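Okay, so here's the structure we're looking at.
No lab work stands behind these numbers, since they all come straight from the coordinates. Please read all numbers here as calculations on a predicted model, not as lab measurements. Every residue, glycine among them, receives a Cβ derived from its backbone with ideal geometry; neighbour counts consider all protein chains shown.
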């Protein structure tokens, strides 16, 4: 039995529509879509303050030190400042917001040793923000575990 060209086009178009419908269903069925930040709009409005904090951090005589030791699977952070009032260290995983970790910066502690053995390998960012002498400071460093 021979199929006419009109039926062939209809079958091809129907197959294409079915395939595209399947792809749309797969995309809609995903429930693990994460935004970079839940409050991204609020952070976007405060971006100039972040730029100013980065500029102040770069102007410091002593820069914060972030070192990752692969053999020990530890992250060492040294903040060579004595007047830190408050702050936080955030381990940010761009691919999955559920894996982010946050450590508060205390006034009496200048060195931090973070155990990274429980974290998934891959791309991470270390984001540090702190305030000192009434000014805010910010630093980011990329990290590959």
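Which ordering of 58, 2, 98 is given by a fewest-first count of other beta-carbon atoms within 10 Å? Before the final figure, lay out the partial values.
Details: 58 10, 2 4, 98 7.
Ranking 58, 2, 98 by Cβ neighbours within 10 Å, fewest first, gives 2, 98, 58.
What angle do you read, to the nearest 10 degrees and between 0 and 90, between the alpha-carbon axis of helix 5-29 and the longest principal axis of the chain?
Between the helix axis and the principal axis of the chain, the angle is about 30 degrees.
To test your reading of the geometry: what angle, between 0 and 90 degrees and rounded to tens, separates the Cα axis of helix 47-59 from the longest principal axis of the chain?
Taking the Cα atoms of the chain, the angle to 47-59 is about 50 degrees.
Using the number of other C-beta atoms within 10 angstrom as an exposure proxy, rank 55, 71 with the fewest first. Intermediate results must be reported in sequence, preceding the final value.
Numbers: 55 11, 71 5.
Sorted ascending by nearby Cβ count, the order is 71, 55.
Under a crude label model (7 Å from the Cα following the beta-carbon direction), how far is residue 65 from residue 107 in nanometres?
2.6
P(r) of the range 59-137 in 10 Å steps, Cα pairs, percent per bin?
Result, from short to long distances: 17, 49, 28, 6 percent.
Relative to the present Cα-Cα distance, how much length would full extension add between residue 95 and residue 24 at 0.36 nm per residue of separation?
Working: separation 71, 0.36 × 71 = 25.56 nm, distance 2.14 nm.
Length gained, residue 95 through residue 24: 23.4 nm.
Pick the calculated percent of Cα pairs over 26 Å apart for this structure from [x] 46; [y] 30; [z] 17?
[x]
How high is the FRET efficiency from residue 47 to residue 78, r the C-beta distance, R0 30 Å, rounded to 0.05?
Working: r = 27 Å, r/R0 = 0.91.
Rounded to the nearest 0.05, the efficiency is 0.65.
Between the alpha-carbon centers of the range 62-102 and the range 5-24, tell me the distance in whole angstrom.
Value for the Cα centre distance between the two parts: 52 Å.
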